Amino acid sequence: MPALPPGRWRDAARATGLLAPDGTVAATVFAEMSALAARTGAINLGQGFPDVDGPSWVRRAAVDAIAPDAESGANQYPPGPGVPTLLDAVAAHQDRHYGIRLDPATQVLVTTGATEALAATVLALAGPGDDVVTLEPFYDAYAACIALAGARHLTVPLVRDPARPGAPLRLDLDALRAAVTDRTRIVLVNTPHNPTGTVLTRPELEAVADAARRHDAIVLTDEVYEHLVFDDAVHVPVATLPGMAERTLTVSSVGKSWSLTGWKVGWVTGPAELLTAVRTVKQFLTYVSGAPFQPAVARALGDDTFPRELAASLAARRDLLCEGLDAAGFAVSRPRGTYFVVADGSPLGFDDGADLCRRLPALAGVVGVPMSAFCTPGSPTAVALRSSVRFTFVKKEPVLREAVRRLAALRRA
Ligand SMILES: *Cc1c(COP(=O)(O)O)cnc(C)c1O
């Protein structure tokens, strides 16, 4: 077999902890844990995808758009920026929910999921010599994209408040002020936040906005969980903060809020000049995708009922899993949004989350993902969260009940 070739893929692998010192490349821990669940019959609370599909009327709209029995289907290349009905629907959605006014013709770009929107933006705007600042822990694709762009990745930790055990992690504001400098091209935030379930507060986001304005950086905000907030938490889009619309690119997608993660239809919105830069890169990554899905997503975006009901049912499922993890002996940080909860295994005597995850199927018939998968290898945040595991609660209630029943074995062990 030929040796693995050099190239920036190595930087992406290194940044995500996949490149071993001997030059071999590991599978992602997500794939490893899903394979472990499949092999052992453990309940997979690792990878975060719903086990119930999104609204049937939205799925029907996609079938109708393919039009298998007619010759009028949406089966050829759609327009580069996206189909007009979806551009209009995204603009209407931003206005209706947040009062953000956008010109659908110049300020909305449809992408292959949020992932492509994020990748195209980072590749368009950052390169060697530039810093991109993200929160830590972070969604693993961020580190990979930043490495592919050749930029430097700096992070701002989300930290536990010792005075409030069980509360969601909070942004370290001093670290934020230290990380953002004149070298910073992009501050990439994610709220509601995967993997912690933290919903950034208005003061936290104002600190981000303040740092970005002071150093003339662009804010790239990943809001794919925008509708999935619980209790009295409120999602504040960065673009609604004073003076921020002109320097913010907002990313979301249909996947999480409408339980259609496999459709990979996303969008990025913001100032026309910034979108021109992003669109130029997107043009040569995928050009376009999802022609029959786009009109169906346009219809989904007009309906607020499904995401609202999903958020309510997720809040109840969060309660179920958090109580079970707590009863099993984990220290739980109760999330205010998303699909995920972070549980610390150290009270149970586990100081290494990756090791715990590998043993969990045998110990309790459940699979999670270690928090180290969302950290820069060896970073202070990786150390602070070393004993923690992310579990998803976007599974049917009986599945979660069974998981909770099994997890109780840990306490007895
Ligand atoms: C799932 C997820 C994405 C990817 O969204 P797609 O639309 O599937 O590309 C991006 N960011 C975060 C934080 C996610 O959890």
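The values are calculated or read from the model by the stated rules, or taken from the named source; none is laboratory data. Everything numeric in this text was worked out from a predicted model, so none of it was measured. No Cβ is skipped: glycine too gets one built from the backbone with ideal geometry, and neighbour counts run over all protein chains shown.
If you take the residues in the stretch 227-236 that are touching a residue at least 60 places away in the same chain (Cβ under 8 Å) and more than 11 Å from the ligand (Cβ to nearest atom), which one is surrounded by the fewest Cβ atoms within 10 Å (Cβ to Cβ)?
Of everything passing the filter in the stretch 227-236, ASP231 is surrounded by the fewest Cβ atoms within 10 Å (Cβ to Cβ).
Based on what the data block shows, is GLY262 in a loop (DSSP other than H, G, I, E, B) and over 18 Å from ARG185 (Cβ atoms)?
Here the answer is yes, as GLY262 does meet what is asked.
Say whether the condition of being assigned to a helix (DSSP H, G or I), in the same structural domain as LYS282 (by the TED database) and closer than 30 Å to ARG185 by Cβ is met by at least one residue in the stretch 63-85.
Checked against the condition, which is being assigned to a helix (DSSP H, G or I), in the same structural domain as LYS282 (by the TED database) and closer than 30 Å to ARG185 by Cβ, the stretch 63-85 yields no hits at all.
For the stretch 316-413, please list each of the strands (runs of 3 or more DSSP E) lying entirely inside it that holds at least 3 residues being touching a helix residue (DSSP H, G or I) at 6+ places or on another chain (Cβ under 8 Å).
340-344, 388-392
Which is in contact with a Pro (Cβ under 6 Å, 6 or more places away or on another chain) and of a type outside the set (A, V, I, L, M), of THR16, THR28, THR40, THR24?
Working: THR16 fails: in contact with a Pro (Cβ under 6 Å, 6 or more places away or on another chain); THR28 fails: in contact with a Pro (Cβ under 6 Å, 6 or more places away or on another chain); THR24 fails: in contact with a Pro (Cβ under 6 Å, 6 or more places away or on another chain).
That would be THR40, the only listed residue that is in contact with a Pro (Cβ under 6 Å, 6 or more places away or on another chain) and of a type outside the set (A, V, I, L, M).
Out of the stretch 237-254, which residues are surrounded by fewer than 22 Cβ atoms within 10 Å (Cβ to Cβ) and either assigned to a helix (DSSP H, G or I) or among the charged types (D, E, K, R) (or both)?
THR240, ALA245, GLU246, ARG247
Could you say whether any residue in the stretch 266-285 is within 10 Å of the ligand (Cβ to nearest atom) and out of contact with any Leu (no Cβ under 8 Å at 6 or more places or on another chain)?
yes
Within the stretch 162-188, take every residue that is farther than 30 Å from ARG8 by Cα and free of Cβ contacts under 8 Å to residues at least 24 places away in the same chain and give me the one that is surrounded by the most Cβ atoms within 10 Å (Cβ to Cβ). Step through it out loud before you land on a result.
At the first step, the residues of the stretch 162-188 found to be farther than 30 Å from ARG8 by Cα are 162-174.
From what's left, free of Cβ contacts under 8 Å to residues at least 24 places away in the same chain: 162-164, 172, 174.
Values: PRO162: 6, ALA163: 6, ARG164: 10, ASP172: 19, ASP174: 9.
My answer is ASP172.
Specify which of the listed residues (THR261, THR191) is within 16 Å of the ligand (Cβ to nearest atom), closer than 20 Å to PRO307 by Cβ and surrounded by fewer than 22 Cβ atoms within 10 Å (Cβ to Cβ).
THR261
What are the residues in the stretch 89-106 that are buried (at least 22 other Cβ atoms within 10 Å of the Cβ) and under 19 Å from VAL288 (Cβ atoms), if any?
Within the stretch 89-106, ALA89, VAL90 qualify.
If I go through the stretch 273-312 residue by residue, how many of them are small (Gly, Ala, Ser), in a helix (DSSP H, G or I) and surrounded by 13 or more Cβ atoms within 10 Å (Cβ to Cβ)? Walk me through how you get there before you give the answer.
Step one: of the stretch 273-312, the residues small (Gly, Ala, Ser) are 277, 289-291, 296, 298, 300, 302, 311-312.
Of the ones still in play, those that are also in a helix (DSSP H, G or I) are 277, 296, 298, 300, 311-312.
In the following step, the residues that additionally are surrounded by 13 or more Cβ atoms within 10 Å (Cβ to Cβ) were identified as 277, 296, 298, 300, 311.
Qualifying residue count, the stretch 273-312: 5.
Being surrounded by 20 or more Cβ atoms within 10 Å (Cβ to Cβ) and within 23 Å of ASP161 (Cβ to Cβ), is that true of even one residue in the stretch 351-358?
Within the stretch 351-358, one or more residues are surrounded by 20 or more Cβ atoms within 10 Å (Cβ to Cβ) and within 23 Å of ASP161 (Cβ to Cβ).
Take the conditions surrounded by fewer than 22 Cβ atoms within 10 Å (Cβ to Cβ), in the same structural domain as LEU249 (by the TED database) and either within 17 Å of the chain's Cα centre (by Cα) or farther than 30 Å from PRO50 by Cα (or both) and apply them to GLY150. Does it pass? Full working, then the answer.
Working: surrounded by fewer than 22 Cβ atoms within 10 Å (Cβ to Cβ): yes; in the same structural domain as LEU249 (by the TED database): yes; either within 17 Å of the chain's Cα centre (by Cα) or farther than 30 Å from PRO50 by Cα (or both): yes.
In short, yes.
Go through the stretch 126-161 and report how many residues are assigned to a loop (DSSP other than H, G, I, E, B) and free of Cβ contacts under 8 Å to residues at least 60 places away in the same chain.
6
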